[in-house]
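Worksheet: one structure, shown below.
The values are calculated or read from the model by the stated rules, or taken from the named source; none is laboratory data. Quantities reported herein were computed from a predicted structural model and do not represent experimental measurements. We place every Cβ from the backbone using ideal geometry, glycine too, and count neighbours over all the protein chains shown. Quick note on the areas: whole protein, heavy atoms, side chains included, nothing else; ligands and nucleic acids left out. Shrake-Rupley method; radii C 1.70, N 1.55, O 1.52, S 1.80 Å.
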Amino acid sequence: MAERTLVGLALKVGPLGEHDRLLSLLSDAEGVTRVAVPGARRPKSSLAAAAPLTLLELQVGGRSGLARVRQLRVLHSHAGLGRQLETLSAAQAFCDLCLQLAGEDPVEGLLATLQLHLERLDQRSDCLDEVLASSVQGAIHLLTLGGYSLPLQSCCLSGAPLEPPIGMWEWRCSLLPMDGFAIDRQPGAAMSLNPSELALLQRLTRADLPRRRDGQLMGPRSVWLRLLGVVEIWIRTHLQRGNPALAMLRECVTATKVSQHGADAGNS
């Protein structure tokens, strides 16, 4: 196997043998590549920097079987996301999603989009609602690039445009996990959305998060948790398994909400 250079983000790092690591790297050139990092678990190893959420330049090669890292250079680290469980969970969710989406073939733009959303998580780490909203939007963007976009423009049953009538609060659309969204309440639906929830979800396909004129994020936390539920259902249905890191993010946000409610009740 000829020696080659790979530039990509470490999605997952695990033990391999007694002293080595197994690295799953997302690159534009090859999609997800798994390589051995010899001696990386030794404290003084020059390859010990092979860590998750790190953009790496690798020289890899080997005569047969699993390629081995010869040299390694750190280009950028998102290690700061590990300081909070919420941002770590969101970042891990993105990485797990990329492992599923680019498991066999490269996906154009996936690495750049992943890096963009990791940077946004880092920038918004001091606001839980921003982290939650960024996680939902990031997952939607990654799913779209991977060919699993949520069909948000037309009813999956009638083909009619999905145009949420803001102000008509009795109106609903139903999420049918295998097909998409259908107007009205439908049997077998996983959940239903009101007009403002659907409108907010539709705006997440854009580049930026939806904001009010004063710059504040649109939608309360309860709505963002519901939209997270939509994404979780879609991933579980179309990628054949759930995303445990998104479930962990939900638990973190819910626990924070409960503790804040308890603190408010105690101060009243």
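Quick notes on this one:
- Rounded to 10°, Cα long-axis angle of helix 85-101 versus longest principal axis of the chain: 80
- Its alpha carbons give segment 107-239 an Rg and a Dmax of 14.8, 43 Å.
- In degrees, nearest ten, helix 128-145 long axis to first principal axis of the chain (Cα): 70
- Area of residue 156 that stays accessible when all protein chains are in place (1.4 Å probe, Å², to 10): 50
- Calculated translational diffusion coefficient of the chain (37 °C, 0.692 mPa s; Stokes-Einstein with Kirkwood radius over alpha-carbon pairs) equals 163 µm²/s.
- Taking all protein chains together and rolling a 1.4 Å probe, residue 183 ends up with roughly 40 Å² accessible.
- Gyration tensor (alpha-carbon) shape descriptor, segment 198-255, a/c threshold 1.5: oblate
- When you filter the trypsin sites (Lys or Arg not before Pro) in segment 136-236 for DSSP loop state and at most 11 other Cβ atoms inside 10 Å of their Cβ, you are left with 185, 206, 212, 213.
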